[in-house]
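Here is the structure we will look at, set down as structure tokens.
We did not get these values from a lab; they are worked out from the coordinates using the rules stated. Everything quoted here is computed from the prediction, not taken from an experiment. Neighbour counts run over all protein chains shown; Cβ positions are idealised from the backbone, glycine included.
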Amino acid sequence: MNNLLKPQFANDNRKSSFKKILSFVKLDHIPGPRGFRYIQSVREFQKNILNAFTQTYLDYGHIASFPWPMNSIIIYSPEYIKKVLVDDNRNYIKGEQIEEIKAVVGNGLATNNDHQSWLKARAAISKQFNKNAVNSFTEEISSIADNFFGEAKNSDLDICEQMKLLTFKIACQVFLGGDLSHKDAMKVNDAVEFTSIVTYERIFKFFPLPYWVPTPTHLEFSQHYKNLIHVVNKLISRSSAKDSSILSKLLFAKDDNGQKAFTEKEARDEILTIMLASHETSAHTLTWFFGLIAKHQDIQERIYQEVLNQDQELNDQNYPELFNALYETMRLYPAFPVLSRKAKKKSVLGDYHIPKNTNVVIPIYVLQRAQEFWERPLEFEPQRFQDRELLKSYKYLPYSRGPRRCVGELFAMTEMAIIIKSLILKFHFNLLDKDLPQDEAFVSLKPKDGLPVKLLLR
Ligand code: HEM
């Protein structure tokens, strides 16, 4: 067996706790909690991160600092956000948490901070998710969505669980290829879920234990990681240039000089990145979408009439009711509620000097729900997106902005629109509970304990 194809355990990429405790960034000149209030705030973040980000905004406005040991600023101003994500993007690299995610996906697109190799990979991967490429997947996605509920019948179910199963089925087919056995698909599902949870929890620990300490969680992580690598390696060894999966396309992709764009190890990192980055993002967005239209029956009816009477390319020109509701869903429930970066060099935001190594945190969830930027911010009002300029504004960033914005945006929007069209033509959605469940930021933004709905056949 080729060395690259041998299963290997996750490297412990995290810089040592010792090094972390020694890094000190001077941030006292930026307002924020200090002394006992600082400790109280950190506890609030550990209890409910979304409430804590909202409270920090209400207390301090557009910028707040959390000096050592967090070495962080939190920004809430569209102007600062544009500077960090776009104008000065070469200075604001991906934040420290990518070190944790690297334990699973190595140096894939989302975790790569080396500009030259990232640029090359981004160019090759963008081609796999451009309009033509996405169009080539629509039939496959439609067919999976149309057949998902089998013999359609009235039922009460957790739409969150169902959307996770459906989008995972699509991910296996499109990203990994139809060759995957059910047993291997389940291994991938369990591994992606478990490793996402562990890496996410480690991001919030001040001093996470190295992976080589044999705790039960680390041993389980190691087993899942080995399963994941084993399955992907098996697919790599079987792949051919004729396959239509993204994995095969990456393995046989050529760069501008006609050379292989990715080695096998690089292609594996990229496919794991894509599996992780797309894991649950579309599923949770769809969950909130169906919950919101179940609550707002008038909007559901308008979308139903639109998809019933329209049979053209699925885009926001042809299906404004559907897409406006999807944009509005992502305003209230962005799958990644918080973005982050780290300053490579010293810089300036407004009147503030930002020292080298400052962690910059951008809670888009708070911005997208702030009274300061939106009328009736907590209401579900899809018609506000009739003004398409909103999609370009820096108060609305569900897919981020700048060169590191989501490379799978078109794929995700198309996939979600196909699923919505397929399901809404078949079923009428009602909430089983009185209201929508509490949201929770855990890996991505999800309903705390699922979202039960009643599906009635149309
Ligand atoms: C509703 C669905 C999705 C949402 C809301 C979403 C959101 C995001 C966001 C906010 C980022 C940027 C993070 C940052 O700036 O730090 C991102 C990056 C990324 N996303 Fe998505 N995503 C979604 C679906 C997908 C899908 C389906 C794929 C794969 C096909 C994907 C692949 C990626 C990759 C590879 C990156 C890293 C890009 C880079 O750093 O160059 N995403 N996504």
Query raised in the report: If you rank Met186, Met275 by fewest surrounding Cβ atoms within 10 Å, what's the result?
Result: Met186, Met275
Requested in this report: Considering only lysines 8 or more places apart in sequence, or on different chains, count the pairs in the range 340-424 whose C-alpha atoms sit under 15 Å apart.
Outcome: 4
Query raised in the report: Counting only residues 5 or more places away or on other chains, whose amide H sits under 5 Å from the amide H of Leu349 once H atoms are built in the peptide plane?
Result: Ile354
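Restricting to DSSP loop positions (anything but H, G, I, E, B) with no more than 15 other Cβ atoms inside 10 Å of their own Cβ, which trypsin sites (Lys or Arg not before Pro) remain in the range 261-325?
Here no trypsin sites (Lys or Arg not before Pro) fit, given the DSSP loop and packing criteria.
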Query raised in the report: What is the gain in length, in nm to one decimal, between Gln55 and Lys448 on full extension, counting 0.36 nm per residue of separation less the C-alpha to C-alpha distance?
Result: 139.5 nm
Requested in this report: Pop a pseudo-label 7 angstrom from the Cα along the beta-carbon direction at both Lys265 and Asn135 and give the gap in nm to one decimal.
Outcome: 3.9 nm
Query raised in the report: How much net charge surrounds Ser196 when only the other residues with a Cβ under 14 Å from the Cβ of Ser196 are counted, with Lys and Arg +1 and Asp and Glu -1?
Result: -2
Query raised in the report: Around Lys183, what is the net charge, scoring Lys/Arg as +1 and Asp/Glu as -1 over all other residues with Cβ under 12 Å from its Cβ?
Result: 0
Query - the range 80-88 - phi-based ³J(HN,Hα) in whole Hz, Karplus 6.51/-1.76/1.60, Gly and Pro as x - result: 5, 5, 4, 4, 5, 7, 10, 4, 10
Requested in this report: Enter the per residue convex hull volume of the range 284-351, computed from alpha-carbon coordinates, in Å³ rounded to the nearest integer.
Outcome: 151 Å³
**Report entry** the chain - percent relative contact order, Cα under 8 Å, separation 6 or more
**Finding:** 25 percent
Report summary line: Listed by chain and number, the lysines with an alpha carbon less than 23 angstrom from that of Lys426, same-chain partners under 8 positions apart left out, are Lys153, Lys164, Lys169, Lys295, Lys454
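At 27 Å minimum axial length over the Cα atoms and a Kyte-Doolittle cut of -1.0, report the qualifying DSSP H helices in the chain, or say none. Mind dumping the intermediate values first?
Working: long enough: 182-203 (32 Å, -0.30); 216-238 (34 Å, -0.41).
Those that pass (Cα extent of 27 Å or more, hydropathy at least -1.0) are 182-203, 216-238.
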Query raised in the report: Within the chain, what is the longest stretch that has no GluC sites (Glu not before Pro) placed in a DSSP loop and near at most 15 other beta-carbon atoms within 10 Å?
Result: 152-312
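Grab the DSSP H runs of the chain that are 4 residues or longer, score each as -39,500 (n - 2.57), total them, divide by all residues and round the 222 nm result to the nearest 500 deg cm²/dmol.
Rounded to the nearest 500, it is -15000 deg cm²/dmol.
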Query - Rounded to whole Hz, the Karplus (6.51, -1.76, 1.60) HN-Hα couplings of the range 250-256, x for glycine and proline - result: 5, 5, 9, 5, 10, 7, 4
Report task. Scan around Leu339 for amide H atoms under 5 Å from its own, H built in the peptide plane at 1.01 Å from N, and keep only partners 5 or more places away or cross-chain. Result -> Ile362, Ile364
Query raised in the report: Using modelled backbone amide H atoms (1.01 Å from N, in-plane), which distant-in-sequence or interchain residues come within less than 5 Å of Ile93's amide H?
Result: Lys342, Lys344
